[in-house]
Amino acid sequence: MSKARWLSERRDDPWHKRAKVEGYPSRAAYKLLYIQKRYRVLRRGDRVVDIGSWPGGMLKVESEIVGPEGLVVAVDVREPAFKAPNVKVLVTDLLSPKVADEILNALNGERCDVLISDASPRLSGVRDVDVFNQLVLTIRALEVSDVVLSLGGNSVLKAFECEELGVLERRLQRSFRVCKRVVTPPALRKRSSEVYLVFLNKLHEGASENLRSIVM
């Protein structure tokens, strides 16, 4: 899909228009609101890590739910448009080997209660390439969560439907009390393979061990 066509579809998308009216930086806000309504992944006072936060649709939702008692660390290579007193911005790359330490530093040495990754690769238009690159980011977010997410914590990770995703989910079933695959409205295109993995109540460390073998 060309960039011009993508922009045209986005302009015509009712969820994009709704986000502009209701003051959300992006339509991604409604995806998180949908997940929150079903699974209560966020609570007031939580410490949250938001990976892939630009432009800030999910970030605004997180900031509002955790309130002034909570903290949200926004992680992206670009600074999000949304700003709030309970949001710290960390301009860095998820793939950086130092990103987990940078996140812990932003959390004042404490672990987070929730990790949410809406990180996406730069789409090539070649499905196999895009699915592979998204899977790499999903696994990397899990590696980071092993370091920064507290026991009992929750995680929401963007992914694309693929055979390898089922392998990943089966390997993680013993690491979290609840593992769910969620298709959220709004989907920009009916042919989209985007899903979110919802993991509730982290049971032990080392959930991401050997996951890289899935993409090797």
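Near residue 206: Cβ cut-off under 14 Å, other residues only, Lys/Arg at +1 and Asp/Glu at -1. The net charge is 0. Subtracting the Cα-Cα distance of residue 83 and residue 170 from their residue separation scaled by 0.36 nm leaves 27.6 nm.
Check which residues have an amide H placed less than 5 Å from residue 77's amide H, if you skip close sequence neighbours. The list, which skips near neighbours in sequence, is 92. Within the chain, the whole DSSP H helices whose Cα atoms reach 20 Å or more along their own axis and whose mean Kyte-Doolittle score is at least 0.0 are 127-148.
Here 181, 140 are placed in order of increasing Cβ neighbour count within 10 Å, fewest first, which gives 181, 140. Each helix, a run of at least 4 DSSP H residues, gives -39500 (n - 2.57); summed and divided by the residues of the chain, these come to -11500 deg cm²/dmol at 222 nm. Extension gain, residue 34 to residue 177, is 49.4 nm, computed as 0.36 nm per intervening residue step minus the present C-alpha separation.
Compared with the rule-of-thumb size 2.2 N^0.38 Å for a compact globular protein, region 55-165 has a Cα radius of gyration ratio of 1.08. Looking at region 107-216, what % of the alpha carbon pairs are farther apart than 20 Å? So the portion of pairs separated by more than 20 Å is 37 percent. Backbone phi angles across region 117-123, fed through the Karplus curve with coefficients 6.51, -1.76 and 1.60 (θ = phi - 60°), yield HN-Hα couplings of 10, 10, 5, 10, x, 6, 6 Hz in residue order; Gly and Pro are listed as x.
Restricting to bridges with both residues inside the chain, how much of the DSSP beta-bridge set is antiparallel, in percent to the nearest 5? Don't skip to the answer; put the middle values down first.
Working: 12 of 31 bridges.
Beta bridges within the chain, antiparallel portion: roughly 40 percent.
From the largest down, the chain spans 44, 42, 31 angstrom on the principal axes of its Cα atoms. Residues whose amide H comes within less than 5 Å of that of residue 87, counting only those at least five positions distant or on another chain, are 72 (H built at 1.01 Å from N in the peptide plane).
Read-outs: derived from the displayed coordinates by stated rules, not from any lab. The structure presented is a predicted model; accordingly, all values stated were derived computationally and were not measured. Note: ideal-geometry Cβ built from the backbone for every residue, glycine included; neighbour counts use all protein chains shown.
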